[in-house]
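Read-outs throughout are calculated quantities, based only on the coordinates presented, and are distinct from any laboratory measurement. Quick caveat: nothing in here was measured; it's all calculated off a predicted structure. Cβ atoms come from the backbone with ideal geometry, glycine included; neighbour counts cover every protein chain shown.
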Amino acid sequence: MSRIFLDTNFLIDLFDRKEYAPAAKEIMDRGLRHGIEFCISFLSVANFAYILRKTERAILIGYLKDICDIFTVIPNEQNQILKATELEAPDLEDAIQYATAITNNCDCIITRNGKDFLYSEIPVLTPEGFLKLIY
């Protein structure tokens, strides 16, 4: 695996959820040592900024700059939205994330909400599941 797609909850875990941050940081450390490219969608960045909108502005701006330094931000496109509408997906936002991962040749998706990706044709792993795969 060389190109990994990270769901929005991963970003929130890494920067804002103390109980999930250690696993997210471990994924980043191990992945970067193995030359993995970590991808997120533009949608995730927008969702992240919206969810953390009550965070002090300077801190949130710092997070956004860190995100741009660390991750490959993939643009969202009309074809991804249309692909998402064709899926039997319980959550359309996750379907758009999935379509973004697929159209950008990602090897897997890391998320804590695997149940929302049952239609996936690529592996969907929890952070713990991914850590078991990479040493």
- Message: Condition first: under 30 Å from Gln78 (Cα atoms), out of contact with any Leu (no Cβ under 9 Å at 6 or more places or on another chain) and part of a helix (DSSP H, G or I). Now tell me which residues in region 1-30 satisfy that.
- Response: Asn9, Phe10, Leu11, Asp13
- Item | Selection count, region 100-121, where residues are in a loop (DSSP other than H, G, I, E, B), closer than 17 Å to Asn9 by Cβ and in contact (Cβ under 8 Å) with a residue 60 or more places away in the chain | 4
- Considering each of Ile96, Ile122 in turn, give the residue that is among the aliphatic types (A, V, I, L, M) and crowded, with 19+ Cβ neighbours inside 10 Å. Ile96
- What number of residues within region 71-93 are of a type in the set (A, V, I, L, M), in a helix (DSSP H, G or I) and surrounded by 14 or more Cβ atoms within 10 Å (Cβ to Cβ)? 2
- Message: Can you tell me which condition Phe38 does not meet? The list is (1) within 30 Å of Tyr135 (Cβ to Cβ); (2) without any contact (Cβ under 8 Å) to a residue 40 or more places away in the chain; (3) part of a helix (DSSP H, G or I); (4) within 13 Å of the chain's Cα centre (by Cα), and all the others hold.
- Response: (3)
